[in-house]
Amino acid sequence: MKNKLFTVSFIIALSMLLTCALASAQGPAVKIGIIDVREIIQSSEAGRQASAELKKTVDKKKVAIQQAEDNLKKMKDALDKQRSVLKEDTIKERELEIQKNYRDYQRLVNDAKEELSAREQQLGQKMFPEVIKIIKAFGEREGYTLILDASTVPYYSKGNDVTKRIIAEMNKGAATAQPPKNTKK
């Protein structure tokens, strides 16, 4: 699936480049910029704030998972220590209880992974329209003919990479978008 997506993206990018090359032969110079959307989302101030929120959730999940893991270990250790003095029926009951708790533990881990993945995707989707808006404004203001994501381009000159400039634009926009702080005396 990813391979097909890459191939389609590559073909689109190649056709855009060829179109730009033909247009440049007939008109003004073509200016192409390359960005790394993932880096923009992760490195911008808004992205770092979103990552900090996500880290809080991750830390809470880790604590719950660790508690469940510790509980399982205690149950197993207690059974192992008492195995020689317990009746066979009691041993089987405790083994079943341990298995049930292990299944609960596995569900907890899987649910945590799914929730974190969904939250990460949600944060990215929340930021993506703002990123695109800033990229478009930057491209128009700076006279770019085309700005491509680095993940769709197999090779590009590092001189064409404008990722850091876009991050600066986002951070500048985030700083002006924040409400002024109250300074009551």
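Among the aspartates and glutamates, which fall within straight-line cross-link reach of K55, defined as a Cα-Cα distance under 12 Å, with same-chain neighbours fewer than 8 residues apart omitted?
Reachable aspartates and glutamates: E120.
Once the Cα gyration tensor of the stretch 31-176 is found, what semi-axes does its equivalent ellipsoid get, as square roots of 5 times the eigenvalues, in whole Å, sorted largest first? Before the final figure, lay out each step's value.
On the way: eigenvalues 562, 43, 23 Å².
Equivalent ellipsoid semi-axes, largest first: 53, 15, 11 Å.
Structure shown: which of K56/K100; K113/K158; K62/K164; K136/K158 lie over 27 Å apart, alpha-carbon to alpha-carbon?
Values: K56/K100 29 Å; K113/K158 35 Å; K62/K164 33 Å; K136/K158 20 Å.
As for pairs spanning more than 27 Å Cα to Cα, those are K56/K100; K113/K158; K62/K164.
Give the relative contact order (percent, whole number) for the stretch 47-181; include only Cα pairs under 8 Å separated by 6+ residues. Spell out each step's value before the answer.
Details: 31 pairs, mean separation 35.9, N = 135.
Dividing the mean separation by the residue count of the stretch 47-181 yields 27 percent.
Bear in mind that the values in this text are calculations on the coordinates, not laboratory data. Bear in mind that the values here come from a model prediction, so they are computed numbers and not experimental data.
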